[in-house]
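Everything on this sheet refers to the single structure shown next.
The values are calculated or read from the model by the stated rules, or taken from the named source; none is laboratory data. Worth saying up front: this structure is predicted, and the values here are computed from it rather than measured. Glycine also receives a Cβ, built like all others from the backbone with ideal geometry; neighbour counts cover every protein chain displayed. Protein only, heavy atoms only, side chains kept; ligands, DNA and RNA dropped before computing areas. Shrake-Rupley method; radii C 1.70, N 1.55, O 1.52, S 1.80 Å.
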Amino acid sequence: MKDSPMKCDFPETGLEQQLEKKLYRTHGARLASPPARKVSGVSDSSEDMDQGVAYISERFIDIRTAFLSLRRAMPVIVSMFMIIVLALGWVVSLFYSKALLGVLIAFGPVWVAVYMFEIFFPYTLPVRIDRKEGVVYIGHRGTFYRIPWDELEVTFSYNWQYLGSGVVWERQYYAHMFMREKHYFCGKPPKMPLQRKKIYSGFKEENMYRKWNFIVRYYNEGVIEEDKENLYGANYDSYNQHVAGQMGRRIFGNVLFFFFMPTIIWSKYTPLKYKWPKEIEAIFGKANYY
């Protein structure tokens, strides 16, 4: 199958060829920075961006890099399915006494498995962009980098994914940040002079550009009015601050979180999470978001 070029007009780059270890091969890599610049013709709005943002303030933003839509959608889908199935099981149990028990035995393990995944799968640290100092903090397998914004290397690329029978292939898009040994800050010394970290992947190219444009706009302009409305659901604390004084809405929201999106609560209180090292906590305090 022939590779086709990316839609953005950024220059091609051979950064991937400099990697000593390639976990997977991508194609059509385009260099979005330095200097960081937006993709023309694509929105920089924060609308629908709360799943990719763990925290935002005037000083810094934490960008989620893993399990964005999946970790939010799966508990909702499974919980709604179980509520419907249990309701049907209860109706049937009025005529067949063991129907509800049968439903629990058949589908209960799936419900439990999803919650266990949320509880025990580790929460990865986000990428932290510090507007005040003009640097980006990245944690990668115990190694922490501090990269000046003006030296940040970000690429867009894609590879082909096989989606089923009938030889159905689809392009999956990636945005990667590259980490060089010279930007090592703390933690384990880097094992290789150049590594990369995924900051986005998905099947819609424009969504990748939108997230990047939003990041560039935030760095240049800070938090604007629409961000306060679009991103209040980024984490548990920001939601509760947004609904402060609205007791009914706060209770209703927390009930929904508990049943349909426990991740947002668990990520605040779970002891099973990574933390920024003391060198970075000395700068920002104990600000750990996931």
Odd one out for A87, checked against (1) open to solvent by less than 60 Å² (accessible area, probe 1.4 Å); (2) within 20 Å of the chain's Cα centre (by Cα); (3) at pLDDT 70 or above: (2)
Any hit, the stretch 254-266, residues being of a type in the set (S, T, Y) and at pLDDT 75 or above: no
Criterion violated by V103 - all others in (1) modelled with pLDDT of 70 or more; (2) open to solvent by less than 30 Å² (accessible area, probe 1.4 Å); (3) β-branched (V, I, T) satisfied: (1)
Set Y218, Y200, Y232, Y236: member being more than 26 Å from E281 (Cβ to Cβ) and touching a residue at least 24 places away in the same chain (Cβ under 8 Å): Y200
Tally, over the stretch 185-222, of residues that are open to solvent by 20 Å² or more (accessible area, probe 1.4 Å) and either charged (D, E, K, R) or over 30 Å from A29 (Cα atoms) (or both): 9
Total residues in the stretch 238-284, condition outside any helix (DSSP H, G or I), loosely packed, with under 13 Cβ neighbours inside 10 Å and more than 22 Å from the chain's Cα centre (by Cα): 3
Some residue of the stretch 191-200 being among the β-branched types (V, I, T) and either farther than 26 Å from S33 by Cβ or in contact with a His (Cβ under 9 Å, 6 or more places away or on another chain) (or both): yes
Residue in the stretch 18-58 that is nearest to E133 (Cα to Cα), counting only those that are modelled with pLDDT of 90 or more and of a type in the set (K, R): R37
Qualifying positions in the stretch 45-65 - of a type outside the set (A, V, I, L, M, F, W, C) and open to solvent by less than 50 Å² (accessible area, probe 1.4 Å): S45, S46, D50, G52, S57, D62, R64, T65
Residues located in the stretch 176-216, provided they are part of a helix (DSSP H, G or I), over 18 Å from Y137 (Cβ atoms) and touching a Lys or Arg at 6+ places or on another chain (Cβ under 7 Å): E205, N213
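Residue-wise test of (1) modelled with pLDDT of 85 or more; (2) under 21 Å from T124 (Cβ atoms).
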site	(1), (2)
T155	yes, yes
N159	yes, no
L163	no, no
G166	no, no
Q172	yes, yes
M177	yes, yes
E181	yes, no
K188	yes, yes
K191	yes, yes
Test set (1) in a helix (DSSP H, G or I); (2) at pLDDT 70 or above; (3) of a type in the set (D, E, K, R) - D62 fails condition number: (1)
Residue tally, condition under 30 Å from Y236 (Cβ atoms), among the aliphatic types (A, V, I, L, M) and outside any loop (DSSP other than H, G, I, E, B), over the stretch 1-58: 3
